[in-house]
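These notes are about the structure you will find just below.
The values are calculated or read from the model by the stated rules, or taken from the named source; none is laboratory data. What you see is a predicted model, and the numbers here were worked out from it, not measured in a lab. Glycine gets a Cβ as well: all are built from the backbone with ideal geometry, and neighbour counts include every protein chain shown. Heavy atoms of the whole protein, side chains included, go into the accessibility calculation; ligands, DNA and RNA do not. Shrake-Rupley method; radii C 1.70, N 1.55, O 1.52, S 1.80 Å.
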Amino acid sequence: MFGGGGFDPQKMQQMMDQFGIDIDELDAEEVIIRTADEELVFTDAEVQRMDAQGQETYQVIGTPETREAGEASAVESGDGDAGGSGGIPDADIEIVANRAGVSEDDAREALEAEDGNLAAAVERLE
């Protein structure tokens, strides 16, 4: 019907190499997308990272669970990899510390003052 169709995987890889595109599969345990109104939580997602000439793009494939914004997640309730105080995840502390160029203690304090809002915590520290 389509004349033998499909892409030749070797030719596709050559084209990607020629354009400087590299794709990696990530072994993600959970992906959370937070919006002002809701959280989309992917617990069993396939995640690919594509690096095209220094620009990284992520593709998430799966079916999310939808939660209202502000609902307690496993991380916030202490079931996950949360920081020592206030239920702030260590990953969030690290992000704020790196982005603002401050210590993790300062980042934790800013996150606690801003109720876990990463953008507000970074802004507070800059």
* Structure fact -> Env charge @ ASP22, Cβ radius under 14 Å, K,R +1 / D,E -1, value -4
* Gain upon complete extension [GLU46, THR66; 0.36 nm per residue less C-alpha separation] -> 5.5 nm
* Modelled label-to-label distance, ASN98 and ALA113, 7 Å Cα→beta-carbon offset: nm? -> 2.3
* Asked: Per residue, what accessible area does the stretch 7-49 have, given a 1.4 Å probe and all protein chains present, in Å²?
  -> 81
* To do: When a/c is below 1.5 the answer is rounded, else prolate if a/b is larger than b/c, else oblate, so apply that to the stretch 1-67 with a ≥ b ≥ c taken from the square roots of the Cα gyration tensor eigenvalues.
  => prolate
* FRET efficiency estimate (nearest 0.05) - Cβ-Cβ, MET16 to ALA91, R0 22 angstrom -> 0.15
